[in-house]
RNA sequence: GGAGAGGUGACGGAGCGGUUGAACGUGCCGGUCUCGAAAACCGGAAUACGCGCAAGCGUAUCGUGGGUUCGAAUCCCACCCUCUCCGCCA
């Protein structure tokens, strides 16, 4: 959510900055609601003040044993208008809130303008794609030949967009997870978190998935009306740790790492990446989350992105980093770096991590604050990034380290996590 | 699933339906004292929002939402959460 003060004071410049991400802000609509809010609120508060005065006078008179019937009648009359106004105020505030919740974040000044992924700016490349002496296969074929990656059985058990791994490949998947967690906790200073995979609507709203993106989520019913949502990323439970909290200044930045399964309905991506494990309803991810001082958050974004890159360097996987353009960024982000790993099977770089600074956009929804140097509570900045998506990392290892005989070499960094097994062979 | 207890400020803990945003204590900040500290004493301190150039004024907030009332932290209802016991369970 954006700062309501900013919208009130300078909605036109907000609108123009949002147009870069092809969001058209209804400035006139906002002004109209805001004007009504102001009028209704002022009047309501006047009446409330009058009511409080009456109540106070009646109380005082009663103590003295005076007759208060007249005052009470007068007060009743004055209150008649109030309940109606209070309802109107509530309604207009809800409309304002609804409006605000649908407005995306303002892109940071350093974000390149653009409409689609084609306009993203490549920042750097690391490693160079391996030259194969044979035609490289993609992970689906490699996995099938090894009989360790089975989409048919997964489809029988659950449906499309699920995967089933067996034996050494399943272990490799686990090894990758452990490796990432160890690097981030032991070398990058993150605190490991284990968090709920089902969360309430409030948490989803805090990080921005709700109300706008309900269709992307899975939910399970709970009780009469309520429901739990399955987390689409550990960002949700972990960032919500600081919801409604005021954290001490000296504790910043908070750095959390959390491995979790992620559940996404992938509504609207029919026909996209249907082959293999690129885009599944369920996948594992190691997520990095930072709660930062507002003046440090962009510094922290560079650092966090570097932490994610370090995993790829250790696994000897070629990658590049791109800055998402205004049109390609997520709803809540002010700036995003995507890290894309080289996939020989697709002959392309594919996203394996997305590192974003949300500035105060999430913090405002979360009411996540810190006590500033002046002793006043101020909104924190929140950041997160994948460090990394486990399934896609597995794919990258399979495709980049595949052998002519259909086997897979294990990158040296993972040997300790594989019981020193160095190859997976057919 | 059954039975019970409880949710008040950073924390502990009061609070006959009426000048209660909330006693008291601890902690915190400033000051006096001191070479310095401790102790003691004095003083200060919630958050959000609205109106206003400002000084300031007003509104809301005692788990959440509704209700009763001229007036609710205090009464009623529903829900959420925490704790204890029983049952079940990894």
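The values are calculated or read from the model by the stated rules, or taken from the named source; none is laboratory data. Just so it is clear, the structure is predicted and the values come from calculations on it, not from any experiment. Here the Cβ is made from the backbone with ideal geometry for all residues, glycine too, and neighbour counts use every protein chain on show.
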For this session: State yes or no: is residue A:42 within 8 Å of RNA strand B (Cβ to nearest atom), modelled with pLDDT of 90 or more and out of contact with any helix residue (DSSP H, G or I) (no Cβ under 9 Å at 6 or more places or on another chain)?
Result: yes
Seminar exercise, completed: Per the filter on segment A:142-160, residues in contact (Cβ under 8 Å) with a residue 60 or more places away in the chain, part of a helix (DSSP H, G or I) and crowded, with 18+ Cβ neighbours inside 10 Å are A:142, A:143, A:146, A:151
Seminar exercise, completed: Of (1) more than 22 Å from residue A:379 (Cβ to Cβ); (2) without any contact (Cβ under 8 Å) to a residue 60 or more places away in the chain, residue A:9 satisfies every one except (1)
Exercise. Regarding residue A:49, is this residue over 33 Å from the mean Cα position of the chain (by Cα), more than 29 Å from residue A:201 (Cβ to Cβ), surrounded by 11 or more Cβ atoms within 10 Å (Cβ to Cβ) and within 12 Å of RNA strand B (Cβ to nearest atom)?
Worked result: no
Exercise. Does segment A:24-34 include one or more residues that are closer than 30 Å to residue A:357 by Cβ, modelled with pLDDT of 90 or more, touching a helix residue (DSSP H, G or I) at 6+ places or on another chain (Cβ under 9 Å) and within 11 Å of RNA strand B (Cβ to nearest atom)?
Worked result: yes
For this session: Answer yes if at least one residue in segment A:263-276 is out of contact with any strand residue (DSSP E or B) (no Cβ under 6 Å at 6 or more places or on another chain), modelled with pLDDT under 95 and closer than 25 Å to residue A:303 by Cβ, and no otherwise.
Result: no
For this session: Can you give me the number of residues within segment A:218-242 that are assigned to a loop (DSSP other than H, G, I, E, B), modelled with pLDDT of 90 or more and either surrounded by 19 or more Cβ atoms within 10 Å (Cβ to Cβ) or within 15 Å of RNA strand B (Cβ to nearest atom) (or both)?
Result: 4
Exercise. Taking interchain pairs and intrachain pairs at least six residues apart, which have beta carbon atoms under 7 angstrom, with the first residue in segment A:49-66 and closer than 11 Å to residue A:79 by Cα and in contact (Cβ under 8 Å) with a residue 24 or more places away in the chain and the second part of a helix (DSSP H, G or I) and near RNA strand B (Cβ under 6 Å from one of its atoms)?
Worked result: A:51/A:75; A:51/A:79; A:54/A:75
Exercise. Do we have any residue at all in segment A:401-411 that's closer than 22 Å to residue A:260 by Cβ and either buried (at least 21 other Cβ atoms within 10 Å of the Cβ) or at pLDDT 95 or above (or both)?
Worked result: no
Exercise. Does residue A:318 meet the test of being out of contact with any helix residue (DSSP H, G or I) (no Cβ under 8 Å at 6 or more places or on another chain) and in contact (Cβ under 8 Å) with a residue 24 or more places away in the chain?
Worked result: no
Problem set entry | Within segment A:52-82, tally of residues that are surrounded by 13 or more Cβ atoms within 10 Å (Cβ to Cβ), closer than 22 Å to residue A:39 by Cβ and within 7 Å of RNA strand B (Cβ to nearest atom) | 1
Problem set entry | Search result, residues across segment A:247-278 that are touching a helix residue (DSSP H, G or I) at 6+ places or on another chain (Cβ under 8 Å) and in a loop (DSSP other than H, G, I, E, B) | A:253, A:264, A:265, A:266, A:267, A:268, A:275, A:276, A:277, A:278
Exercise. Any idea which of A:359, A:316 is buried (at least 24 other Cβ atoms within 10 Å of the Cβ), on the phi > 0 side of the Ramachandran plot and either away from RNA strand B (no atom under 16 Å from the Cβ) or in a strand (DSSP E or B) (or both)?
Worked result: A:359
For this session: Could you check, for segment A:86-98, whether at least one of its residues is loosely packed, with under 14 Cβ neighbours inside 10 Å and more than 16 Å from RNA strand B (Cβ to nearest atom)?
Result: yes
For this session: Working only within segment A:99-113, note down all residues that are in contact (Cβ under 8 Å) with a residue 12 or more places away in the chain and surrounded by fewer than 16 Cβ atoms within 10 Å (Cβ to Cβ).
Result: A:101, A:102, A:110, A:113
